[in-house]
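The values are calculated or read from the model by the stated rules, or taken from the named source; none is laboratory data. Everything numeric in this text was worked out from a predicted model, so none of it was measured. Every residue, glycine among them, receives a Cβ derived from its backbone with ideal geometry; neighbour counts consider all protein chains shown.
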Amino acid sequence: MLETLIENEQYNIGYLCTTRQCELGRAEHTAMRWVAADGERKDFTYRDLDGLSNRFANVLKNLGFSPGDVFFTFLPKTPEQFSTFLGSLKAQVITGTLFSNFGEEAILDRVGDAKAKGIITKKSYLKKINRVRDRMPALQYVILVDGEEHQSPDVLSYTQLMDAASPEFSTPPTPPDTPSILHYTSGSTGKSKGVLHAHRSVLMQHQTARDILQLTPEEIYWCTADQGWVTGTSYGIIGPWSVGVTQVHYGGQYDAQAWFHLLEQEGVTIWYTAPTALRMLMREDPALYRRFDLSRLKYIFSVGEPLNPEVIHWARKVLHHDIYDTWWQTETGAIMIANRPGLEIRPGSMGLPVAGVEPAIVSDSGEMLPGKEQGNLCLKPGWPSMFVTYWNNEEVYRQKFRNGFYFSGDTAYRDEDGYYWFMGRSDDVINTAGHLVSPFEVESALLEVDEVAESGVIGAPDDLLFEKVVAFISLRPPFEYSRELELKIRLHVSNKVSSFATPQEMIFVDSIPKNKSGKIMRRVLKARYLGTDAGDLSTLDI
Ligand code: 6R9
């Protein structure tokens, strides 16, 4: 099928997911079944998606966007999320997505860092952008998806722009290395980094959508991921539509009953979700699931965090299905290691490498480790969906490579049959419900609260979320702990960063352990929290 997808060296993702699908005979095939939170449904054919994304490509062109400019979507799940993303890519504009619960600092750190020229959002989010707009001088246009009229020369109505734009757009020839998507991801130090991808990533998203997720045009597929997360773009947009599948997209929040109703009603055959959601479903009374007919469901896949064996056992017993775990990252662009139908599942293991991917377990000094030794999970560079660089941060990009390996930041081991087993992360990044949270970003937000003198943020084990965000906080005298203060701090992080970065637990302490160079010793905080030995404390300065 790959041979038929790419023709004349045209790698444009927007084109391949829409125009090309029409050429392949799927113009009247349903590309998206949109189900709103209130249950209202609307179907979009590939022809519809092609027309809408063409119009939006023209909107950006008419506003003066050129290839290489940056544009962001800052939307909840809405049909426009998909058509504007694809349209922007058609115009060869570098396209980023943002979680709709991002606060103003999180927006500034991404939209500002990328020097984006435009953003599409909804009226109720505008105030978050406006609070930092003067610090984003490159931002020329804000498009309001629910704005009926233009508000000013730079705050524009999507409806008006779309009405004035032609549905005809000829996607420019797009060689494989043309920059495509910019996804920000958290590191343990510094601000979040923009992971830049190229249009060539579609090769691998297409291959894995077919060979791992088993997608074909006949399947009905639902990926629960938000488009702010790489899973929501690689496997909620690109991979599946490059294969010609019908995707269900749901505008509602997590709700066990609503989700199972959706699976049944839409006849979902392939479902891609995440461990936290599965663990939440596990907490429901099993009787709930007996009320739904899931006979059309064939496969369930998972990504984002370790999938505990208990979840697999539960799904076998209650849903009568296996769950196939998949491992990858924003930087890898597509699934690298996976369980898949036809392969024995070893509960707790991430599975075997995808065809063409060469993982290795490597020591800190860059030597391949033998046998079942635990070490850094690395990849041999060169897979088609490999990121291009970190935006404006070539230095950090280079640091990710050593001795001919890409260091993922995870640790793992490989068993005698080649299955990979996740052990943890080699950095301080917190994985809470599949969201990577930078302790640095949370600490910075905490320091903005007047009463806070110092803080140190760690991830601690959590039964539901895999990890929870725990903040150690010391207060400036004469301030003292109160419930009101705790609430104030919580609200501040939620407004400035995001709701998932907001500490689940706050521990008020006299001081924060730091090393001689003033760096917060998160390792010490973690050991204190877990009641374990913190190891070598010779550099500690408290
Ligand atoms: C797609 C995505 C990447 C990090 C990754 C690892 C963790 C992802 C996992 C998993 C254990 C799995 N992770 N899949 N850990 N088992 N199957 O998640 O991208 O947001 O960049 O996160 O998530 O730590 O390094 P991203």
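Listed by first and then second residue, the pairs with beta-carbon distance under 6 Å, at least 6 apart or on different chains, first residue in region 291-320 and touching a residue at least 24 places away in the same chain (Cβ under 8 Å), second among the charged types (D, E, K, R), are PHE292/GLU264; ASP293/GLU264; SER302/ASP325; LEU307/ASP325. Within region 272-300, the set of residues being within 11 Å of the ligand (Cβ to nearest atom) and in contact with a Leu (Cβ under 6 Å, 6 or more places away or on another chain) comprises PRO275 only. Checked against (1) over 26 Å from HIS199 (Cβ atoms); (2) touching a residue at least 24 places away in the same chain (Cβ under 8 Å); (3) away from the ligand (no atom under 14 Å from the Cβ), ASP255 meets all criteria but (2).
When SER426 is tested against (1) within 12 Å of the ligand (Cβ to nearest atom); (2) farther than 21 Å from LEU278 by Cα; (3) touching a residue at least 60 places away in the same chain (Cβ under 8 Å); (4) surrounded by fewer than 21 Cβ atoms within 10 Å (Cβ to Cβ), just one condition goes unmet, and that condition is (3).
Being on the phi > 0 side of the Ramachandran plot and of a type in the set (Gly, Ala, Ser) is the requirement here; does GLY459 meet it? No.
Find the residue count for region 290-315, including only residues that are small (Gly, Ala, Ser) and in a strand (DSSP E or B). Spell out how you get there, then give the answer.
We begin by selecting, within region 290-315, every residue small (Gly, Ala, Ser); these are 295, 302, 304, 315.
Now restrict to residues that are in a strand (DSSP E or B): 302.
So the answer is 1.
Looking at region 1-58, which of its residues are of a type in the set (Asp, Glu) and not in a helix (DSSP H, G or I)?
Within region 1-58, the subset of a type in the set (Asp, Glu) is 3, 7, 9, 23, 28, 38, 40, 43, 48, 50.
Hits for region 1-58 are GLU7, GLU9, GLU28, ASP38, GLU40, ASP43.
Within region 336-357, the residues that satisfy the criterion of being within 12 Å of the ligand (Cβ to nearest atom), outside any strand (DSSP E or B) and more than 20 Å from THR432 (Cα to Cα) are MET336, ASN339.
Residues of region 217-239 that are within 16 Å of the chain's Cα centre (by Cα) and within 13 Å of MET32 (Cα to Cα): TRP222, CYS223, GLY236, ILE237, ILE238. Residues that are without any contact (Cβ under 8 Å) to a residue 40 or more places away in the chain and either in a strand (DSSP E or B) or within 9 Å of the ligand (Cβ to nearest atom) (or both) within region 431-454 comprise VAL452, ALA453, listed in sequence order. Would you check which residues across region 156-180 are among the hydrophobic types (A, V, I, L, M, F, W, C) and surrounded by fewer than 18 Cβ atoms within 10 Å (Cβ to Cβ) and list them? Within region 156-180, ALA164 is the sole residue that qualifies. Within the bounds of region 323-344, is there any residue that is among the polar types (S, T, N, Q), more than 30 Å from LEU278 (Cβ to Cβ) and over 19 Å from the mean Cα position of the chain (by Cα)? Within region 323-344 (the criterion being among the polar types (S, T, N, Q), more than 30 Å from LEU278 (Cβ to Cβ) and over 19 Å from the mean Cα position of the chain (by Cα)), the answer is no, since none of the residues qualifies.
Given the condition outside any strand (DSSP E or B), basic (Lys, Arg) and touching a residue at least 40 places away in the same chain (Cβ under 8 Å), answer yes or no: does some residue in region 397-406 qualify? Looking through region 397-406, at least one residue is outside any strand (DSSP E or B), basic (Lys, Arg) and touching a residue at least 40 places away in the same chain (Cβ under 8 Å).
Being of a type in the set (S, T, N, Q) and within 26 Å of GLY434 (Cα to Cα) is the filter; apply it to region 174-194 and report the residue that is nearest to the ligand (Cβ to nearest atom).
First pass over region 174-194, keeping only residues of a type in the set (S, T, N, Q): 174, 178, 180, 185-186, 188-189, 192.
Cutting the leftovers down to within 26 Å of GLY434 (Cα to Cα) gives us 180, 185-186, 188-189, 192.
Values: SER180: 17, THR185: 5, SER186: 8, SER188: 12, THR189: 16, SER192: 11 Å.
Ranking the qualifying residues of region 174-194, first place goes to THR185.
Considering LYS496, LYS488, the condition of being basic (Lys, Arg), closer than 24 Å to THR185 by Cα and not assigned by TED's automatic domain parsing to the domain that holds GLY103 is satisfied by LYS496 alone.
Just to verify a result, which residue in region 365-420, among those that are basic (Lys, Arg) and more than 16 Å from LYS193 (Cα to Cα), is surrounded by the most Cβ atoms within 10 Å (Cβ to Cβ)? Restricting to residues being basic (Lys, Arg) and more than 16 Å from LYS193 (Cα to Cα), the top hit is ARG414. Give region 23-50 a look and list any residue that's over 22 Å from the mean Cα position of the chain (by Cα) and surrounded by 19 or more Cβ atoms within 10 Å (Cβ to Cβ), or say none. If the condition is that a residue be over 22 Å from the mean Cα position of the chain (by Cα) and surrounded by 19 or more Cβ atoms within 10 Å (Cβ to Cβ), then ARG26, PHE44, TYR46, ASP48, LEU49, ASP50 are the ones that fit.
Do you know which residues across region 377-423 are among the β-branched types (Val, Ile, Thr) and either within 13 Å of the ligand (Cβ to nearest atom) or under 25 Å from PRO347 (Cα atoms) (or both)? Before you say what the answer is, go through the steps one by one.
Filtering region 377-423 for residues among the β-branched types (Val, Ile, Thr) gives 388-389, 396, 411.
Matches in region 377-423: THR411 only.
Applying the set (1) under 21 Å from PRO286 (Cβ atoms); (2) modelled with pLDDT of 95 or more to ARG340 leaves exactly one unmet item: (1). Listed by first and then second residue, the pairs with beta-carbon distance under 6 Å, at least 6 apart or on different chains, first residue in region 366-392 and touching a residue at least 12 places away in the same chain (Cβ under 8 Å), second basic (Lys, Arg) and within 15 Å of the ligand (Cβ to nearest atom), are TYR390/LYS193.
From the list LYS468, LYS488, pick out the single residue that is buried (at least 17 other Cβ atoms within 10 Å of the Cβ) and either in contact (Cβ under 8 Å) with a residue 24 or more places away in the chain or under 24 Å from the mean Cα position of the chain (by Cα) (or both).
Working: LYS488 fails: buried (at least 17 other Cβ atoms within 10 Å of the Cβ).
Just a single option satisfies the conditions, and that option is LYS468.
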